[in-house]
Amino acid sequence: MAYSTIALAVSDHVATITLNRPDQMNAFTFEMGRELIDAFDRTDADPEVRAVIVTGAGRAFCAGADLTTGAETFNAVAKAQERGELDETDPRWRDSGGMLNLRIWNSAKPVIAAINGPAVGIGATMILPMDVRIAAKGAKMAYPFAKRGIVWDGCASWFLPRVVGISTALDWGLTGRTFLSEEALDKGLVGELAEPEAVLEAAHTRARAFVDAVAPVSVSMMRTMAWRMLGADHPMAAHREESRAILRRGMSKDAEEGVMSFLEKRPPRFQGRVPGDYPAGWPYDAEPDY
């Protein structure tokens, strides 16, 4: 797929996905959603990629959905209903932001949000399934869906309370108010602030921590396990998953290298790659009966 709304570059094991509509403050379109999903398919399939950074071109990260079509932006469903063609189970009516965020959530590589400017609406929800969020100082953020007469997208009703807690999620969501990245830091939505021109550099510094001196397969598996366990109702689910995973990884060359490099006091040279060297059956779906 050729990209017209994003850019994808890979260097030194780090992929950088750039929302690339700077004149429109990187406003989100259906095409952008499709291109982003394709980009994550590519980064997952590329064993040379070990971390992914998402950022915006120009002065904004993402100003939300492209509303230049006015009321037409949201009334396609109403028109389909008038024609008697509305079927809520039809996949074409799925929330495009939710489809994107499910894809990010399912990424095989850790994902870093380099929020270089305003992040509003889908721009503020697409960062939720990312693993590290770094924002520009003074960047404006908002979940303004109630102010637009709709509801939040991007699976935010699942992600946001888990990231910042239910009280903050409801405050931001039900009021639709604008807040600054300093408040986002205080509430745990972002983990670090930087000057706008230094956000991408800070993201690359964090990416190196996912690339240097750690096993790519272990990083990928642990990311998947942590996100999946947010929905578990008992620690036994984690025990089952970890028991199977550690048994498989314990038999790998990476485990041998990790131990020997520690004993020999040298940097490890891990050979395992993602996705080619996952343990058999990963990710595990069936639970063993302990």
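Taken together, the values in this text are just the output of simple stated rules run on the coordinates, not laboratory data. Owing to the predicted nature of the structure, the values given are computational and were not obtained by experimental measurement. We place every Cβ from the backbone using ideal geometry, glycine too, and count neighbours over all the protein chains shown.
Below is a table of values for the structure above.
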quantity: Förster radius 41 Å - calculated FRET efficiency between Arg59 and Met260 (Cβ-Cβ, nearest 0.05); calculated: 0.25
quantity: From phi via Karplus (6.51, -1.76, 1.60), per-residue ³J(HN,Hα) for region 216-226 in Hz, x at Gly/Pro; calculated: x, 5, 5, 4, 4, 5, 5, 4, 4, 4, 5
quantity: 0 to 90° range, to nearest 10: angle between helix 253-263 axis and the chain longest Cα axis; calculated: 70
quantity: DSSP bridge pairs, the chain: antiparallel proportion in percent, nearest 5; calculated: 30
quantity: Per-residue Cβ neighbour rank within 10 angstrom, fewest leading, Val10, Val151; calculated: Val151, Val10
quantity: Cβ-based exposure ranking for Thr175, Thr125, in which fewest neighbours within 10 Å come first; calculated: Thr175, Thr125
quantity: Order of Lys265, Lys79, Lys109, Lys140 - criterion: other Cβ atoms within 10 Å of each residue's Cβ, fewest first; calculated: Lys265, Lys79, Lys140, Lys109
quantity: Given Lys140/Lys187; Lys79/Lys147; Lys109/Lys140, the pairs whose alpha carbons are separated by over 24 Å; calculated: Lys109/Lys140
quantity: Cα point-scatterer Debye curve for region 6-211, base-10 log of I(q)/I(0) at q = 0.08, 0.09, 0.10 Å⁻¹; calculated: -0.26, -0.33, -0.41
quantity: Stokes-Einstein D (µm²/s) once Rh is taken as the Kirkwood radius of region 112-262 over alpha-carbon pairs, at 37 °C in 0.692 mPa s; calculated: 189
quantity: C-alpha center-to-center spacing [region 1-59, region 224-239] in angstrom; calculated: 29
